[in-house]
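**Q** Got a structure for you, questions after.
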Amino acid sequence: MLLDTLDPIAQALKQHFGHADFRAGQREVVEQALAGLDQLVLMPTGGGKSLTYQLPALLLPGLTVVVSPLIALMHDQVNRLRDNGIAATFINSSTTPEERTRREQAALKGELKLLYVAPERLLSEGFLGLLDRIDERVGLSLLAIDEAHCISEWGHDFRPEYRKIVQVRERYPQLPVLCLTATATERVREDIVRQLALKTPHVHIASFNRPNLYYEVRSKDRRSFAELLDLFGEAPDASAIVYCQSRKSVEQLAERLNENGIRALPYHAGLGAKERSNHQERFICDDVPVLVATVAFGMGIGKPDVRAVVHYDLPRNLEGYYQESGRAGRDGQPAKCLLFFSHGDRAKVEYMIAQKPDASEQRIARQQLNQVVAYAESTICRRRIQLGYFGEVLGGENCGNCDNCLSPVASEERTVDAQKLLSCVARCQERFGMRHIVDVLRGANSQKIQERSHDKLSTYGIGKDRSEDEWLRLGRALLHQGLLTETTDGYSVLKLNPRSWEVLQGRQSVLIAQVASTQKASTTGRQRRTQLREEMQLPAEGEDLFQQLRQLRKRLADEQGVPPYVVFPDATLVAMAQQRPQSEAQFQAIPGVGHRKLEAYFTVFTGAIRTYCEARNLPLAVASPAQPPKARPELEVSSHRRTLELFERGLSLEAIAEERSLKPNTIENHLVELIEAGEDIDIDRLVQPGRRSLIVAAFHRLGLPMKPVKELLGEAYSYGEIRLVRAWLERSDRENSFIEKGAK
Ligand code: ADP
Ligand code: ZN
């Protein structure tokens, strides 16, 4: 695709960020920002929030100020922007005074487009003074507030200093404010609008569905560790996070993984700050694929290519689970979220809750635990449950990407047993918990039964035919289906509710899931094992090349001191491995390649691809399967035409670029492709004849690959010239006069 065939916003998206299309909602938010509206943007993690203020920042005159709560977040964002050639920086406590002055000067001179600061700094007198001067000299274009939920006590990450941002709003009433968050509750939303005094804001609420994430729950038992090994073993380089509940379990699991050949590092609050950040860094930079962590890890981590998030222990609540598992697949590529569940873990959490001093805290914690357990035990779509938690209704019956939708669990009718259990609850006068009820049903001889004379009840011993586990499972199913109630006062006393009576009266039948553990382990083992690998969707040949490109990316990233994903995301390397681009136009058509990445990485990546393919006799420049080699779009041809017309009118390459407001690079591309297409381009006008014959001689000596020729000719010859001559040579060759022309 050629840049100038697109509208200016899409053009800027491709040019600066390399993206071919907007993600859902992005364009709308960008347009409203350009129109100067206040906005509140709710998008899930990985939805692509940053771009919605970064692109307007580039298109608007003046400086965009971005408020961000964490240093790590600022660094990550600025790294990525810089690698896209965008003038962005931050000022925070890690900035030296000299450096700070330099950055302030740059802002005042209009050399910056984006400036990141923490809220405390934003509100300092010094910084407000700076803003005044910037406003006067170059203008402020936008105030973007990232993680805007921090303003609300109802969110999970309240930061009082966020409240004061409203002062900036009052100081610059004309400055549009763009608030962004991934926390969606109504209360938080209202808080943001009110506290920041947003003016009739445009509120954008994206769906919180993340279709690329595959959700699965497995029972946690003796086999679970082996399943983890299988999962990681299949794709040894894929990044994965494993969450555990305690420091001790983090340490133990990390150690066991290492003993079994999986490179993993621990992360928890008990480690020293230095060790913690070292482990985090090594994970982010792909030195180590697996990070085993407590929930202390994750906030502010922008690593987009995490391919799996495993909860090896129960998460605290469903919102936490959604956020933590949501750290997988930010790049939109398939990723996997796995939860290992056991009733033993549930009991542990219950015990911990019972230690809490405050009764209402206990009640809330217990309710949250029940929601998590209900999620884990559910046989309906996992996505539906999660989204339902945020008040969103998932369209359609089957999401097609969770275990329950892909391999539905069979259910069994257990109405008669349910009636036995419920009537036992009634006979015990709704004053006992599940264990006691099951004891009575099974005819146990406990002290409590003796004391209460419950062995005299008509329901005593009527459930001997089933095991204790089976009764407990039925009891939990009744609770989750709302056919029985449990008090939340910490005693968990069973109570009948109107629906219980419907069951007792035979007006409602009871279906519960068959035991999931045994059933699923045998049927889906194979399908699971291959998943992480399948995610890359590469043919065998491409996979090898992909690995080589990954290594190259890692080397380049290390040289620059940035994480590999800053150089290119996986999806870009996948496309390169498939399409094996060689010309600049082909390279630029790869998703994720913008103008600065083209400049910085064209030669080294196309060179590596060529070397790889030549050594194996593989074809270069393969058309992407997603974009079959259909006819070039009309507009693209006409863009080349336009360049040709101007060239024929006698304009130089630079003059054409100027005339068309395009980069000389782009015009050079047009000319190379026009020559390749057989247009009669006077090469003498582009490369002086003397220089040309030297280039031709070099090609004769070394063959057609560019790199050796460039190396031989040295600095004095540009890639552009060499490419033009090569295109011209190749065409002459096709026209069968290669020797004559080359030798003259
Ligand atoms: P969020 O802040 O909403 O979690 P980010 O802004 O970090 O999301 O974006 C997540 C990932 O998606 C990043 O790797 C980013 O480069 C990528 N991304 C954003 N917008 C697009 C787009 N239009 N096309 C392709 N990738 C995109
Ligand atoms: Zn589903």
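The values are calculated or read from the model by the stated rules, or taken from the named source; none is laboratory data. Since we're looking at a predicted model, the values are computed, not measured. So basically every Cβ, Gly included, is an ideal-geometry build from the backbone, and we count neighbours across all protein chains shown. Surface areas here come from the heavy atoms of the whole protein model, side chains and all, with no ligands, DNA or RNA. Shrake-Rupley method; radii C 1.70, N 1.55, O 1.52, S 1.80 Å.
**Q** Note the angle between two axes, namely the Cα long axis of helix 343-354 and the longest principal axis of the Cα atoms of the chain, as a number of degrees from 0 to 90, rounded to the nearest 10.
**A** For helix 343-354, the angle is close to 80 degrees.
**Q** Give the cross-link partners of Lys303 among the aspartates and glutamates, using a straight C-alpha distance below 12 Å as the criterion and excluding same-chain residues fewer than 8 apart.
**A** The qualifying aspartates and glutamates are Asp76, Glu281, Asp286, Asp331, Asp570.
**Q** Filter the chymotrypsin sites (Phe, Trp or Tyr not before Pro) in the range 118-165 down to the DSSP loop ones having no more than 15 other Cβ atoms within 10 Å, then list what survives. Present the calculation step by step, with values, prior to reporting the outcome.
**A** Values: sites: Phe127, Trp154, Phe158, Tyr162; in loops: Trp154, Phe158.
Answer in residue order: Trp154, Phe158.
**Q** Out of every Cα pair in the range 226-352, what percent are spaced more than 20 Å from each other?
**A** So the portion of pairs separated by more than 20 Å is 39 percent.
**Q** With all distinct Cα pairs included, what does the Kirkwood hydrodynamic radius of the range 51-153 come out to in Å, to one decimal, could you say?
**A** Values: mean 1/r = 0.0731 Å⁻¹.
After inverting the mean inverse Cα-Cα distance, the result is 13.7 Å.
**Q** Just read off the accessible area of Tyr612 with the full protein assembly in place, 1.4 Å probe, to the nearest 10 Å².
**A** 10
**Q** Mind scanning Lys220/Lys554; Lys220/Lys348; Lys49/Lys597 and naming the pairs with a C-alpha gap bigger than 25 Å?
**A** Going by Cα-Cα distance, Lys220/Lys554 fall outside the 25 Å limit.
**Q** To continue, here is another question. Any chance you could give the angle, 0 to 90 degrees and rounded to 10, that helix 415-427 forms with the longest Cα principal axis of the chain?
**A** Approximately 60 degrees, to the nearest 10.
**Q** Residues of the range 275-306 with amide nitrogen under 16 Å from the 7 Å Cα-to-Cβ point of Gln551?
**A** 287
**Q** Calculated FRET efficiency, Ala106 and Arg171, Cβ-Cβ r, R0 22 Å, to nearest 0.05? Don't skip to the answer; put the middle values down first.
**A** Numbers: r = 22 Å, r/R0 = 1.01.
That pair, Ala106 with Arg171, gives E of 0.50.
**Q** Still on this structure: Which semi-axes, in whole Å and largest first, does the equivalent ellipsoid of the range 387-494 have when worked out from the alpha carbon gyration tensor as the square roots of 5 times its eigenvalues? Don't skip to the end; give the middle numbers.
**A** Values: eigenvalues 226, 55, 22 Å².
Over the Cα atoms of the range 387-494, the ellipsoid semi-axes are 34, 17, 10 Å.
**Q** Let me ask something additional. Working from Cα positions, state the angle (0 to 90°, nearest 10) between the long axis of helix 224-234 and the longest principal axis of the chain.
**A** Around 10 degrees separate the two axes.
**Q** Determine the dipole magnitude for the range 354-421: charges of +1 sit on the beta-carbon of Lys and Arg, -1 on that of Asp and Glu, nothing else is charged, the reference point is the Cα centre, and the result goes in debye to the nearest 20. Walk me through the numbers before you get to the answer.
**A** Numbers: 8 positive and 9 negative charges, 38 e Å.
Magnitude of the dipole: close to 180 debye.
**Q** Further question: Order these peptides, 469-482, 52-65, by their mean beta-carbon neighbour count within 10 angstrom, highest first. Walk me through the numbers on the way to the answer.
**A** On the way: 469-482: 18.8, 52-65: 22.1.
For the peptides 469-482, 52-65, the packing ranking is 52-65, 469-482.
**Q** With a 1.4 Å probe and all protein chains kept in place, how much accessible area does Glu251 have, in Å² rounded to the nearest 10?
**A** 70
**Q** Turning to a different aspect of this structure: Hey, what's the Kirkwood Rh for the chain if you take every pair of different alpha carbons, in angstrom? Present the calculation step by step, with values, prior to reporting the outcome.
**A** Numbers: mean 1/r = 0.0336 Å⁻¹.
About 29.8 Å for the chain.
**Q** Here's something else I'd like to know. Given a Förster radius of 22 Å and the C-beta distance between Lys248 and Tyr351 as r, what FRET efficiency does 1/(1 + (r/R0)^6) yield to the nearest 0.05? Present the calculation step by step, with values, prior to reporting the outcome.
**A** Values: r = 15 Å, r/R0 = 0.70.
The formula returns an efficiency of 0.90 here.
**Q** Determine which aspartates and glutamates satisfy two conditions relative to Lys420: a Cα distance under 16 Å, and not lying fewer than 8 residues away in the same chain.
**A** Glu430, Asp439, Asp455, Asp465, Glu468, Asp469, Glu470, Glu502
**Q** Work from the charge dipole of the range 15-110 (Cβ charges, +1 for Lys and Arg, -1 for Asp and Glu, about the Cα centre) and give the residue of Pro61, Ser94, Ala33 farthest towards its positive end.
**A** Value computed over the given set: Ser94.
**Q** Something else now. Compute, for Glu559, the solvent-accessible surface of its heavy atoms (probe 1.4 Å) with the complete set of protein chains present, and express it in square angstrom to the nearest 10.
**A** Rounded to the nearest 10, the figure is 120 Å².
**Q** Now a separate question. Select from Ala107, Ala118, Thr415 the residue farthest towards the positive end of the dipole of the chain; place +1 on Cβ of Lys and Arg, -1 on Cβ of Asp and Glu, and compute about the Cα centre.
**A** It is Thr415, whose Cα lies furthest towards the positive end.
**Q** Could you sort Thr96, Thr643 by their accessible area in this structure, using a 1.4 Å probe and putting the largest first? Display every interim value, and only then the final one.
**A** Numbers: Thr96 70, Thr643 0 Å².
The most accessible residue leads, giving Thr96, Thr643.
**Q** Treating only the Cβ atoms of Lys and Arg (+1) and Asp and Glu (-1) as charged, compute the dipole magnitude of the chain about its Cα centre; round to the nearest 20 debye.
**A** 1640
**Q** Using a 1.4 angstrom probe on the protein heavy atoms only, could you order Met74, Met299 from most to least accessible area?
**A** Details: Met74 0, Met299 75 Å².
Accessible-area ranking of Met74, Met299, largest first: Met299, Met74.
**Q** Can you list the aspartates and glutamates whose alpha carbon sits under 16 Å from that of Lys164, skipping same-chain ones fewer than 8 residues off?
**A** Straight-distance partners of Lys164: Glu120, Glu125, Asp146, Glu147, Glu153, Asp191.
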